[in-house]
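Asker: Structure in structure tokens, see below.
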Amino acid sequence: MPLLTDEERLQFRVEPTPEVVQAARDTILQHELSIEAIEERVQALLGQVRDLRYDQAKHRAAIERCSGILTLARRLPAELLIKIFMHCVEDGWTPAPLVVSHVCSAWRKAALSPKAWSHVYVRCDDANVLDRTQFWLKMAAAADLHITFAASWRITQREINRLMALLSTRMAQWRSLRIETETTRHAESVLAQCRGLFPELRELSVKTSASTPDGSEVDGTSDLGGLSEIFNAKRAPRLATVSYVSVIIPAVPIFPVHIRHLDLRIQDSLNQRPLSTDAIISILEPLTELTTLTLSMPFIYIQPFVPEPDSTRVVSLPNLTSLTVYGPTDLNELLPHIHAPLLRRIHLRSLEDLGYRQQPVGPSLMRFLDLSSPPIELLDLHDIDLDPETFAACFAALPDLRELRLHESSISDSTIQLLNGPRGLCPRLRKLDLRWCGMLRGRTLVDLVRSRLVVEDLAGAVSDSIEEVGVINCAFVLEDDVLDLARMTVCRIVTRVEDDYCRSIGCCSNARYRTRLRLRHMDQLAGHHRDLRLVL
């Protein structure tokens with residue numbers, strides 16, 4: 001048998017000789033030295049990598065700084081940034097000035113502007129509300145102030161006095177004041193601290209649920225009657241807008257007589273005081289300077305609406321240009337008791353679904369038109385319907401009408417045909433907005449628009465052309481009708497972006513109709529897109 005080599009002895013675990021053992025130790029030492037040398041090279045290379053990573057990070061930071069300079073947010077003028085921050089606060093994000101100041105130096109500088117701190121929200125239930133209000137007033141400096149004072153039934157009179165004493169030091173800067181309380185008593189306590197002059201105050205809003213801490217309704221004896229004295233023309237000469245929201249209608253006039261805009265909203269309530277035409281007239285009689293008026297009355301009220309027995313009683317609002325009445329159908333019986341010879345916009349909205357032919361509305365509306373002969377340019381009937389004879393009489397009484405809005409109306413083809421030009425009724429009509437008009441055919445609208453393209457006939461009769469037709473959820477307005485309308489005028493099958501009541505309450509969803517129109521007529525739309533004026 002041949003002798004084994006040293007490697008074979010190690011491999012097969014043969015008893016090594018002393019020479020083999022020494023050779024193995026020498027080999028191990030050499031490998032260890034090699035490993036150490038390699039480790040030194042690795043550490044050197046890792047050091048180089050770290051240096052390169054560091055240099056790379058510096059370049060990336062430089063790129064980010066330069067990119068930050070190029071971004072729109074960094075290039076916005078300070079005035080625009082301040083405006084954006086103010087809108088954030090107005091939308092309810094009250095800590096906006098504090099948060100945005102941590103973004104960058106430019107934003108921090110803009111956030112230091114007193115205008116960004118001009119909206120002061122005083123929530124009495126919050127911790128450290130006094131310190132925070134002091135800080136906010138300090139940052140606002142001499143800017144105009146928009147104060148919101150919110151208090152629950154838990155707040156004490158002492159806390160109200162302390163906070164109002166602090167706010168009262170800046171009364172000369174108040175631009176708007178909003179009071180939101182759960183009880184009328186707390187609202188009175190806040191108003192009692194408003195002593196002095198309000199030279200810059202433009203808007204006043206009072207919202208109270210008029211409930212006691214245990215949730216029961218108050219007896220209605222308190223009507224915040226101090227409003228008219230606290231904010232009279234001498235103390236608040238620029239006050240123009242008042243919003244009042246409660247569950248009871250004031251029994252006596254409480255509003256400053258020099259205001260020009262009033263929004264009176266009464267919410268659902270079980271209070272024993274009835275809603276009545278007499279109460280509304282009494283409130284409005286001193287307000288002869290009003291230009292816009294919004295009346296919103298509840299559907300749920302323990303007492304029925306009380307009409308005015310004296311049909312000759314009339315409140316004169318000689319400067320009124322816009323009237324909105326929203327509530328139960330009976331509320332529209334107020335119309336014959338209003339004299340508004342300059343009225344240009346009227347919005348009538350019903351809370352009730354009485355079906356077609358709501359009889360009380362038509363006679364009330366016509367008596368109002370006969371009494372005032374207003375130059376109405378916009379008529380908006382939302383969930384309020386008229387019979388054909390009343391529609392015809394109404395159109396005949398509105399020669400200056402420029403826009404007609406109907407929501408859930410049974411208006412017929414024959415009624416719309418009364419508007420056909422150039423000798424039709426309402427010769428100045430330019431816009432129609434029709435929604436849920438289930439008896440109206442699209443071809444009738446096409447004929448109307450086409451007839452108005454001829455603005456003058458041989459006898460000299462003149463009518464304006466139709467600039468826009470809106471149709472949403474009208475069952476008999478077909479896709480072909482929409483396309484024909486879009487070739488002659490602007491045809492809109494979506495809600496308006498602005499001034500749209502349906503958008504505010506989330507009704508008139510028309511996604512399905514829009515999708516069907518797009519799918520079935522995509523080729524046709526693509527082939528005629530230059531000729532179509534279709535708002536999707």
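The values are calculated or read from the model by the stated rules, or taken from the named source; none is laboratory data. No experiment lies behind these values; they were computed from the predicted model shown. Positions of Cβ are generated from backbone atoms using ideal geometry, with glycine treated the same way; all protein chains shown enter the neighbour counts. Side chains are part of the model used for accessible areas, which takes the heavy atoms of the whole protein and leaves out ligands, DNA and RNA. Shrake-Rupley method; radii C 1.70, N 1.55, O 1.52, S 1.80 Å.
Asker: Can you pull out the residues in segment 404-455 that are at positive phi and open to solvent by less than 10 Å² (accessible area, probe 1.4 Å)?
Answerer: Cys426
Asker: Considering only residues that are open to solvent by less than 10 Å² (accessible area, probe 1.4 Å) and out of contact with any helix residue (DSSP H, G or I) (no Cβ under 8 Å at 6 or more places or on another chain), look in segment 248-261 and name the one that is farthest from Ser316 (Cα to Cα).
Answerer: Ile248
Asker: Can you confirm whether Arg405 is closer than 30 Å to Arg260 by Cα, basic (Lys, Arg), out of contact with any Cys (no Cβ under 7 Å at 6 or more places or on another chain) and in the same structural domain as Thr489 (by the TED database)?
Answerer: The answer is yes for Arg405.
Asker: Inspect all residues belonging to segment 461-475 and state whether any of them is of a type in the set (D, E, K, R), at pLDDT below 90 and part of a strand (DSSP E or B).
Answerer: The answer is no; no qualifying residue exists.
Asker: Then there is this: Going by the structure shown, is Leu323 of a type in the set (A, V, I, L, M, F, W, C) and modelled with pLDDT under 95? Even if it seems obvious, please write down each step before you answer.
Answerer: Working: of a type in the set (A, V, I, L, M, F, W, C): yes; modelled with pLDDT under 95: no.
No.
Asker: Ser118 versus (1) within 26 Å of Thr181 (Cα to Cα); (2) over 22 Å from the mean Cα position of the chain (by Cα): which is the lone unmet condition?
Answerer: (2)
Asker: Give me the helices (runs of 4 or more DSSP H) completely within segment 84-178, filtered to those with at least 1 residues that are open to solvent by 50 Å² or more (accessible area, probe 1.4 Å) and within 24 Å of Arg202 (Cα to Cα), ordered by residue number. Before you say what the answer is, go through the steps one by one.
Answerer: Values: elements: 96-100, 105-111, 129-140, 157-168.
Fully inside segment 84-178 and qualifying: 129-140, 157-168.
Asker: Of all the residues that make up segment 380-403, how many are among the β-branched types (Val, Ile, Thr) and buried (at least 20 other Cβ atoms within 10 Å of the Cβ)?
Answerer: 1
Asker: So, Asp387, is that one among the acidic types (Asp, Glu), assigned by the TED database to the domain that holds Asp480 and in contact with a helix residue (DSSP H, G or I) (Cβ under 7 Å, 6 or more places away or on another chain) or not? Even if it seems obvious, please write down each step before you answer.
Answerer: Working: among the acidic types (Asp, Glu): yes; assigned by the TED database to the domain that holds Asp480: yes; in contact with a helix residue (DSSP H, G or I) (Cβ under 7 Å, 6 or more places away or on another chain): yes.
Criteria met by Asp387.
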